[in-house]
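Student: I'd like to ask some things about the structure below.
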Amino acid sequence: MAEGEWRNLGKNKYSIIVPTYNERLNIALIVYLIFKHLRGVDFEIIVVDDGSPDGTQDIVKQLQQVYGEDRVLLRARPRKLGLGTAYIHGLKHASGNFVVIMDADLSHHPKYLPSFIKKQLETGASIVTGTRYVKGGGVHGWNLMRKLTSRGANVLAQTFLWPGVSDLTGSFRLYKKSALEDIITSVVSKGYVFQMEMIVRASRKGYRIEEVPITFVDRVFGTSKLGGSEIVEYLKGLVYLLVTT
Amino acid sequence: MKHIFKIISLLAAISAFWVGLLQASIIPRTHTWLLPIYLVVSLGCYGLLMVGVGLMQFPTCPQEAVLLQQDIAEAKGFLKDKGVDVGSD
């Protein structure tokens, strides 16, 4: 990073919110990788665990011994309560002026965090979102059918919503904390439509949104199917966003 | 203004243009009546083309899976030494 950018960096703190459910191993790996790639950056990791039965919270406590309780925060909840509320819960405990949201399953690699930060410092954007669909980005682990539905969904969304971003359902994002707090209160959807609604509402409100390419390694895909009900949910979400944003 | 109003205005403008064409009779009436159908079909074809092109150009990153495995091994090594339980998955 350029000299001037490092000076700006000194005043910023990044709160990284990671919602977890049964991510006993992955949470340890993610924390290690975040510390590896964000040396010299002021940050904290907020793990919002929804009562994982596999002992994820015990692992987080071990990580706190290694990295410090001021850098790795555990803010757990009693059971699965949804992603949107997990972010809101994490936000309440975030002491940074920037918030990063990312998945715990290693599909989002912490090595991209510096590029998010750099992009934000260069452009002053309120939101920097990772996109898998541009050159320099990419996906590994999807079969043809999955790519087809992803592409079809994207074309539909671009045609009707004019969102201004290339990857609507991505959930690897950096927000100015004030922007996140403002947008999240007006979002009602769940699941991946939640991510879409976040970015579309941000776009409508005039927030500056920048993109950085990211690679996405899906190791979970084989276990979850993208069936008819997901497609119906998506179309309902699209119509809802079309009419209410 | 809300996005839906932008879309409606666009459709209204296109409709007005179409009605204007009908009344002005520059193009034979029979053709003009079919124009909306041509438009919808063209848009549909364009959409399918975009999906197809996007699918062909879909960026993949097989090397990332390999790099990830290396990172995982490195992380496990470090954490095990520090007493973090990295046994199960």
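The numbers here are math on the coordinates, done by the rules we state, and not lab data. Predicted model, so just to flag it, every value in this text is computed and none were measured. Backbone-built Cβ (ideal geometry, glycine too); neighbour counts: all protein chains shown.
Student: List the lysines whose alpha-carbon lies under 18 Å from that of A:LYS61, not counting same-chain residues fewer than 8 positions away?
Tutor: Qualifying lysines at Cα under 18 Å: B:LYS76, B:LYS80, B:LYS82.
Student: Report the net charge of residues surrounding A:GLU211, where surrounding means a beta-carbon distance below 14 angstrom and charges are Lys +1, Arg +1, Asp -1, Glu -1.
Tutor: +3
Student: Okay, next question. Taking the simple approach of a point 7 Å from Cα along Cα-to-Cβ for both B:LEU48 and A:GLU69, what is their distance in nm?
Tutor: My value for the distance between the label points is 6.3 nm.
Student: Can you list the HN-Hα couplings for segment A:160-173, worked out from phi with the Karplus curve (6.51, -1.76, 1.60; θ = phi - 60°), rounded to whole Hz and with x for Gly and Pro?
Tutor: Taking θ as phi minus 60°, the curve returns 9, 9, 6, x, x, 10, 8, 10, 7, 9, x, 10, 10, 9 Hz for segment A:160-173.
Student: Contact order normalised by length for chain A, with contacts defined as Cα pairs under 8 Å and 6 or more residues apart; what percent is it?
Tutor: So the answer I get is 22 percent.
Student: Using θ = phi - 60° and the Karplus curve 6.51 cos²θ - 1.76 cosθ + 1.60, what whole-Hz ³J(HN,Hα) does each residue of segment A:26-33 get, with Gly and Pro shown as x?
Tutor: Rounded to whole hertz, the list is 4, 5, 5, 5, 4, 4, 4, 5.
Student: Starting from the Cα gyration tensor of the protein assembly as shown, multiply each eigenvalue by 5, take the square root, and state the resulting semi-axes largest first in whole Å.
Tutor: 42, 21, 19
Student: Further question: Report the paramagnetic label zone for A:ASN12: residues of segment A:121-142 whose backbone N is under 18 Å from a point 7 Å from Cα along the Cα-to-Cβ axis.
Tutor: Taking a point 7 Å out along Cα→Cβ of A:ASN12, the residues of segment A:121-142 whose backbone N falls under 18 Å are A:121-131.
Student: Search the structure for amide H atoms under 5 Å from the amide H of A:VAL217, placed 1.01 Å from N in the peptide plane, and list their residues when 5 or more places away or on another chain.
Tutor: Close amide H contacts, sequence-distant or interchain: A:HIS140.
Student: Calculate how many DSSP beta bridges within chain A are antiparallel, expressed in % of all such bridges and rounded to the nearest 5.
Tutor: Of all bridge pairs located within chain A, approximately 25 percent are antiparallel.
Student: Under 12 Å from the Cβ of A:TYR192, count the other residues' Cβ atoms, weight Lys and Arg +1, Asp and Glu -1, and hand me the total.
Tutor: -4
Student: Follow-up question, since we're still on this one. Pull up the cross-link candidates among the lysines for A:LYS119, meaning alpha carbon to alpha carbon under 30 Å and not fewer than 8 places away within one chain.
Tutor: Of all the lysines, those that pass the test against A:LYS119 - Cα under 30 Å, at least 8 places apart if same chain - are A:LYS11, A:LYS13, A:LYS36, A:LYS92, A:LYS111, A:LYS135, A:LYS147, A:LYS176, A:LYS177, A:LYS190, A:LYS205, B:LYS2.
Student: Let me ask another. Quote the relative contact order of segment A:8-84 in percent (integer), defining contacts as alpha-carbon pairs under 8 Å separated by 6+ residues.
Tutor: Reported as a whole number, the value is 36 percent.
Student: Another question, then. Mind listing the long-range amide H neighbours of A:THR20? Cut-off is under 5 Å, sequence gap 5 or more, other chains count too, H placed in the peptide plane at 1.01 Å from N.
Tutor: For A:THR20, whose amide H was placed from the backbone, the distant partners under 5 Å are A:VAL48, A:ASP49, A:ASP50.
Student: Restricting to DSSP H runs of at least four residues, report the calculated mean residue ellipticity at 222 nm for chain A, -39500 (n - 2.57) per run over all residues, nearest 500 deg cm²/dmol.
Tutor: -14000 deg cm²/dmol
Student: Considering every Cα-Cα pair within segment A:45-133, what fraction, in whole percent, is farther apart than 16 Å?
Tutor: 62 percent
Student: At 0.36 nm per residue, minus the direct Cα-Cα distance, what do B:ALA16 and B:GLN57 gain on full extension? Give it in nm, one decimal, please.
Tutor: Length gained between B:ALA16 and B:GLN57: 10.9 nm.
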